[in-house]
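Bear in mind that the values in this text are calculations on the coordinates, not laboratory data. Note that the structure is a prediction, hence the values are computed from the model and not measured. Note that each Cβ is placed from the backbone with ideal geometry, even for glycine, and that neighbours are counted across all protein chains shown.
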Ligand SMILES: Nc1ncnc2c1ncn2[C@@H]1O[C@H](COP(=O)(O)OP(=O)(O)OP(=O)(O)O)[C@@H](O)[C@H]1O
Ligand SMILES: [Mg+2]
């Protein structure tokens, strides 16, 4: 556990002004504490023209810091506010995690009710808004760049899963959480953020319609959250990057709407090449692209245990481990989003089951609560949506 009793005594617990925590905090952290005024000045009073996006945690602004450095600041929404003590403890954990494929946290502001995170600014936005966006994008995503992006994301996730102790399950791997720096190197954003939300605030579930395509079935249906759920989401992202389209596209004719479903169909026919983005030029290595699609299928296998761990995925992507002989079965699909409905959490109908009743798994204190999903496609039963963690997966 990460905590600093010497730092956060009773005084710090009740203190909410920067000056109160500033000195001691700055002395031991590699993260800077900003004042609210500094960040307000850096964004022209949070001017809407500086707003670059809004997600489940709050709004993101482009900010010009004192010495001219550009940063992205995430103003956490009112519901995500927690005590100074817990907030700074989590900040310390996040800021200690550094890797070339993770967005770097530069600092934070914890003053009064304000909770703000200050990140390195990523010049080329997210994969969601560029490669997979519907608007104009002048970045040429050739095969070499895409392959580098896929491998970079895999390395970042392998680091969170296998090198950070205790390991971190990202929970929300998706195109909008993959940012690109000026050289188009991928950086995973928002890792560790779930812990900044109090237990009764549902980040994933309130935005479930947008992210459901990335959710592993066992997570979406039973709230069973392990590293394998991230690996599933990575698999979806991988096929999106190779195909240059979103996993779900309701504007397409039925039968073409769900990319993962199609990937499985074409794999069975031995025609995966059909799914490789046609906008890629003749320099695209089609064999490699098809290999990536197969790895995407492996990562999204229905049974979590069949999904390779991320360090193996990295080796598969780089060709160090062959995938030719690996048996691939049908991916786990929750293809009809309409089948999944957010229901009242107090579901006491017969058949309603709480995931955490499983003796082999335990509930997390920072669980996403108060949402219940049902899926006709899976078992027909209704489950309380509470992330639970397996001890060693
Ligand atoms: N460090 C950053 N540099 C540049 N742009 C960023 C940065 N962080 C976020 N953004 C932009 O802000 C947008 C909103 O980010 P945010 O993380 O709040 O929402 P999201 O990723 O769309 O959804 P979620 O809250 O589920 O993660 C991103 O899509 C991206 O375009
Ligand atoms: Mg995000």
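The Rg/Rh ratio for the stretch 133-200 is 1.04, where Rg is the radius of gyration of the alpha carbons and Rh is the Kirkwood radius.
Note on the stretch 267-326: Kirkwood radius taken over Cα pairs, Stokes-Einstein applied at 37 °C and 0.692 mPa s, translational D equal to 265 µm² s⁻¹.
What order do you get for 171-177, 229-235, 263-269 when each peptide is scored by the mean count of other beta carbon atoms within 10 Å, highest first?
Top to bottom by mean Cβ count within 10 Å: 229-235, 171-177, 263-269.
Here the extension length gained between residue 273 and residue 49 equals 76.4 nm, from 0.36 nm per residue of separation less the Cα-Cα distance. For the pair residue 250 and residue 309, the difference between a 0.36 nm per residue extended length and the Cα-Cα distance amounts to 18.1 nm. Subtracting the Cα-Cα distance of residue 281 and residue 265 from their residue separation scaled by 0.36 nm leaves 3.3 nm.
Sorted on the mean count of surrounding Cβ atoms within 10 Å across their residues, most packed first, peptides 124-134, 44-54, 59-69, 150-160 read 150-160, 124-134, 59-69, 44-54. The share of C-alpha pairs in the stretch 31-120 whose separation exceeds 17 Å stands at 46 percent.
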